[in-house]
Amino acid sequence: MDNEPGPTIVPPTERTLADLVVQQLRKQIILGRLPPGERLTEARLSEELAVSRGTVREALRRLEAESLVESISHRGSRVAALSPDDAVQISEIHSILGSHTVDQLDLPIAKGLCRQLTQIAREMRELRVPEDVDRFIELDNQFHRAIVEAIGQRRVLQVWSGVSALHSILVGISLRDTDLSGDEIASRHEVIIAALCQPDREIASRTVVDHYRTNEARLRALIAEHENGKGEATDD
């Protein structure tokens, strides 16, 4: 037997720490635990997360590129706010990318991908909403990302990844106010799986478009309700 050296274990680097900080802050923003307008100072985050200010600075720069954070002239950074128009545009772009993806897929999709998507939907079924909203957002992201990755178009995946973080905020908002159960949410995704695991492209495209349009309609209703609530509060 050759005495080949084992893999070298490299201590965490500044870049690795930045990845973890980005992941943590992104999750807190998506779940609304860091609300729009919340100040994000390097000194405070560095102390709370036990990392260097350089690591925090890098993380904030990357979150700004995702439009989750915005810089304030001479005042640091804050969590970006999404206007109702922003929310509708993000939802529409997400829908367009989803429809494009289905048009590019080889149908039926591979059995391995069918099994992967089915397992994700099965996990969704076990969740309770809104208590498990953070886990649902993770699973929903995994589900749609797996489909986008299947077409093998790097630039489409890159654009989708940029939109998905913003879209996850909208998913989180809608789930916090929803009366849907884990069973109902899983069933909606299982309809997509069934459509992708058969050869008729027209059926697949129509099913996915219907899924996104339903989500868009729910989002628009929530936005209208929110805006009406603000108007009533102002009139009081």
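Yes/no matrix, rows are residues, columns are (1) closer than 26 Å to residue 37 by Cβ; (2) surrounded by 15 or more Cβ atoms within 10 Å (Cβ to Cβ); (3) not charged (D, E, K, R):
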| position | (1), (2), (3) |
| --- | --- |
| 84 | yes, no, yes |
| 88 | yes, yes, yes |
| 95 | no, yes, yes |
| 98 | no, yes, yes |
| 111 | no, no, no |
| 126 | no, no, no |
| 132 | no, yes, no |
| 137 | yes, yes, yes |
| 147 | no, yes, yes |
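Please work out if residue 60 is in contact with a Ser or Thr (Cβ under 7 Å, 6 or more places away or on another chain) and open to solvent by less than 20 Å² (accessible area, probe 1.4 Å). In short, yes. Scanning segment 108-161 for residues that are within 16 Å of the chain's Cα centre (by Cα) and of a type in the set (Val, Ile, Thr) yields 120, 133, 137, 147, 148, 156, 159. Examine segment 40-49 for a residue that is of a type in the set (S, T, N, Q) and surrounded by 15 or more Cβ atoms within 10 Å (Cβ to Cβ), and state whether such a residue exists. There is at least one residue in segment 40-49 that is of a type in the set (S, T, N, Q) and surrounded by 15 or more Cβ atoms within 10 Å (Cβ to Cβ). For segment 162-217, filtering for residues that are among the aliphatic types (A, V, I, L, M), within 17 Å of the chain's Cα centre (by Cα) and open to solvent by 30 Å² or more (accessible area, probe 1.4 Å) leaves 1.
Does residue 152 count as at positive phi and either surrounded by fewer than 18 Cβ atoms within 10 Å (Cβ to Cβ) or among the small types (Gly, Ala, Ser) (or both)? So residue 152 passes the test.
Of all residues in segment 68-81, those satisfying the criterion of being open to solvent by 60 Å² or more (accessible area, probe 1.4 Å) and part of a loop (DSSP other than H, G, I, E, B) are 73, 74, 75, 81.
The values are calculated or read from the model by the stated rules, or taken from the named source; none is laboratory data. Note that the structure is predicted; figures quoted are calculated from it, not measured. Don't worry about glycine lacking a Cβ; one is built from the backbone with ideal geometry, like all the others, and counts go over all protein chains shown. These accessible areas exclude ligands, DNA and RNA; they are computed on the full protein's heavy atoms, side chains included. Shrake-Rupley method; radii C 1.70, N 1.55, O 1.52, S 1.80 Å.
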